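For reference, the structure is listed below as structure tokens.
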Amino acid sequence: MPTPTTALRTIKLVHTVVWAFFAGCILAIPVLAWRNHIAAAWWLSAVVLLEVLVLAMNRLRCPLTAVAARYTPERQDNFDIYLPLWLARYNKEIFGSAYVLGVLYTLAVWRGWL
């Protein structure tokens, strides 16, 4: 049985890897659209949309946050992930905006508006 510290570190590492995957997907969407890889951009948009649905079903919190909370009384915005505090605090605003803009850009390229 892992110690609480080991369990928390493992959860933070997994959470950070999952976050990096989705952040990478969000950043790749407009790049793929710009390179005219529209199908790939739509696939990544759908993958991210699944994550948005998971967050919506969990009151806009990652399910890993609740798991991490079992191992520490700390509740800073980055207690459950290896991100700087400012990025953890504004993560949804930053990447939510980037996601919406990337999808809109993809739509514009797909429709031939750009």
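Among the residues of the stretch 67-82, those that are under 13 Å from HIS15 (Cβ atoms) and not β-branched (Val, Ile, Thr) comprise ALA68, ALA69, TYR71, ASP77, ASN78, PHE79, ASP80, TYR82.
Per the listing VAL52, VAL48, VAL67, the residue uniquely more than 29 Å from THR3 (Cβ to Cβ) and open to solvent by less than 50 Å² (accessible area, probe 1.4 Å) is VAL48.
Scanning the stretch 1-50 for residues that are closer than 18 Å to GLY96 by Cα and among the hydroxyl-bearing types (Ser, Thr, Tyr) gives THR16, SER45. Scanning the stretch 73-102 for residues that are surrounded by 15 or more Cβ atoms within 10 Å (Cβ to Cβ), in contact (Cβ under 8 Å) with a residue 40 or more places away in the chain, within 23 Å of PRO2 (Cβ to Cβ) and in contact with a helix residue (DSSP H, G or I) (Cβ under 6 Å, 6 or more places away or on another chain) gives ASP80, ILE81. On the given criteria, is ALA108 of a type in the set (Gly, Ala, Ser) and touching a Phe, Trp or Tyr at 6+ places or on another chain (Cβ under 8 Å)? Against the criterion (of a type in the set (Gly, Ala, Ser) and touching a Phe, Trp or Tyr at 6+ places or on another chain (Cβ under 8 Å)), ALA108 does not qualify. Residue count for the stretch 1-27 satisfying the condition of being free of Cβ contacts under 8 Å to residues at least 24 places away in the same chain and touching a Leu at 6+ places or on another chain (Cβ under 6 Å): 1.
The values are calculated or read from the model by the stated rules, or taken from the named source; none is laboratory data. Not measured: the values here are computed from a predicted model. Here the Cβ is made from the backbone with ideal geometry for all residues, glycine too, and neighbour counts use every protein chain on show. Ligands, DNA and RNA are stripped out before the accessible areas are found, and what is left, the full protein with its side chains, is counted by its heavy atoms. Shrake-Rupley method; radii C 1.70, N 1.55, O 1.52, S 1.80 Å.
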